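To keep things clear, I will list the structure first and then write my remarks on it.
The values are calculated or read from the model by the stated rules, or taken from the named source; none is laboratory data. These numbers were taken from a predicted model, which means no experiment stands behind them. Note that we place each Cβ from the backbone using ideal geometry, even for glycine, and neighbour counts take in every protein chain shown.
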Amino acid sequence: MLALNFNNEITKLQSVLHNFAYKLTKNSEDTKDLFQETAYRAYVNKDKFREGTNIKAWLFTIMRNIFINNYRKKIKNNTILDSTDNQYYLNSGSVSVVNDANSSIMRDELQDLVDSLDDGIRIPFLMHYYGYKYQEISEQMDLPLGTIKSRIFFARKELKASVKSLYGSSLNRS
C-alpha cells in the first residue's frame, strides 16, 4: 500500500480508533497514548499489512494487543516482592492458612503420581508445567493445539482424582 493511502486510511479511522481506545482505557490521556502507540506501530509495520485485507481490523488488533501488553506490565509492576528475612511483609497479613502436616502431600509422592500418568498425557502436562506454551508443545509433539490442551486438562483431572482417592479424607478436614 502506498504511504499516502496508508496515512489516509489511518486518518479516516482516527475517530473510531480513539473511541475504541477510550473503551479499553476509560481515561482520555491513556486513550491518546494508546492511539499514538498504535499509529506508530502501524507505520513501522506497514510493510506487514497485506493489500486487500481489512485495515480497520488490523489496527484494532494492534491496539488491543498493545493494551493487553501494557495491562500485563502494569499488573507485573504492582506485584509485591518481599526480600526480607522470613518474608515478614508478606506473612504479616491477617489471613492465615492452617497447615496440618498429616494432610500435606510430599513432593516425591506427587512426582510418583505424575510419573504414573500415561505418556500421552504426562509429557504435554510436564512440558506445560516447565513453562512451554500450548503452541510450542503442539509444534514439538506435532499434534493439533486442541489435542494438547485436552491432554493437559485430562492430566490435571487424573491427578486431582488420584490425590483425592489417596488423601481424600484428610483433605476434606478443615
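More than 19 Å from the chain's Cα centre (by Cα), of a type outside the set (A, V, I, L, M, F, W, C) and part of a helix (DSSP H, G or I): is that true of GLY168 in this structure? Yes, satisfied.
Can you find a residue that is without any contact (Cβ under 8 Å) to a residue 12 or more places away in the chain and surrounded by 15 or more Cβ atoms within 10 Å (Cβ to Cβ) anywhere in segment 131-142? Scanning segment 131-142 turns up at least one residue that is without any contact (Cβ under 8 Å) to a residue 12 or more places away in the chain and surrounded by 15 or more Cβ atoms within 10 Å (Cβ to Cβ). Within segment 111-130, the set of residues being aliphatic (A, V, I, L, M) and touching a residue at least 40 places away in the same chain (Cβ under 8 Å) comprises LEU113, VAL114, LEU117. Residues that are in a helix (DSSP H, G or I), among the basic types (Lys, Arg), modelled with pLDDT of 60 or more and surrounded by 13 or more Cβ atoms within 10 Å (Cβ to Cβ) are absent from segment 93-116.
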